[in-house]
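Trainee: Have a look at this one before I ask anything.
The values are calculated or read from the model by the stated rules, or taken from the named source; none is laboratory data. Please read these numbers as outputs of a predicted model, since none were measured by experiment. Don't worry about glycine lacking a Cβ; one is built from the backbone with ideal geometry, like all the others, and counts go over all protein chains shown.
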Ligand SMILES: Nc1nc2c(ncn2[C@@H]2O[C@H](COP(=O)(O)OP(=O)(O)O)[C@@H](O)[C@H]2O)c(=O)[nH]1
Ligand SMILES: [Mg+2]
Ligand SMILES: [Zn+2]
């Protein structure tokens, strides 16, 4: 009987997989069968390995079923997508944020919004939009570590991917959350990032029984190969629309220009944020005329 143990892939570098098990981190090679089947283990994967205790090496034998997997950065079994926005420098594009939230919802990843740099300006506008949606929204400042206490609690035991425009403060926040981390921030990180994209490796940084993943910017985030979300699924990805299901005058209402639309009424009454609805309309218009064969 060959011994097998279960572990978590923390990092993949040059064909080596660092797999954390209850008795330590094993440096593993993947079984050749993976390559032949076009399968690649990624950080976040739960795997079975054949361990060799003498030198803490092993062979990665099997990838256990994934709950989800991101294309870029390649990470599996993501619990939270932490979207970092900032009050200023850079300003937040709510359409980009809402697109990310929608794709997270579609992939059963819980979106979280952090409004950072609250020491520099008024976070009320973003707080009003996202606080009312029912997705966790926190006003924080990487310069005021106290503001991050409740965020730390939320991340406990989870795999969390941090995303947001370059410069919003992702790395600064991660450094505060996990003090043993020393991620480069600001201009230094921009210089390091340039031209290194092809060799970038994804790491899961341990924090409070969970793991954190940093990403350089929205442009390096790809949650889903099949984009955009089709028009039938889009409304489901806006969670504040869900209570209106079945309440519109027409069944199959797209909440677009139809009369008697419960979602549009809610926007007019101020129960749904106009900014969120505008994002929905922009995303809907991008897919509404797509034919089946164009997808
Ligand atoms: N005033 C202020 N500056 C911040 C805050 N968070 C980050 N910064 C600064 O914003 C710049 C970009 O931060 P960085 O963490 O590299 O952003 P990233 O590109 O999202 O990882 C750096 O100069 C940080 O010092 C904050 O909460 N308040
Ligand atoms: Mg960074
Ligand atoms: Zn409707």
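Trainee: Taking residue 78 as meeting all but one of (1) within 28 Å of residue 35 (Cα to Cα); (2) free of Cβ contacts under 8 Å to residues at least 40 places away in the same chain, write down the number of the exception.
Mentor: Of (1) within 28 Å of residue 35 (Cα to Cα); (2) free of Cβ contacts under 8 Å to residues at least 40 places away in the same chain, only one is false for residue 78: (2).
Trainee: Right, something else. Just to verify a result, which residue in region 140-150, among those that are within 26 Å of residue 99 (Cα to Cα) and at pLDDT 95 or above, is surrounded by the fewest Cβ atoms within 10 Å (Cβ to Cβ)?
Mentor: 148
Trainee: So which residues in region 23-47 are surrounded by 17 or more Cβ atoms within 10 Å (Cβ to Cβ) and over 19 Å from the mean Cα position of the chain (by Cα)?
Mentor: 26, 28, 30, 31, 47
Trainee: Further, regarding this structure: Has region 228-235 got at least one residue that is modelled with pLDDT of 85 or more and within 14 Å of ligand 1 (Cβ to nearest atom)?
Mentor: No; the residues of region 228-235 include none that is modelled with pLDDT of 85 or more and within 14 Å of ligand 1 (Cβ to nearest atom).
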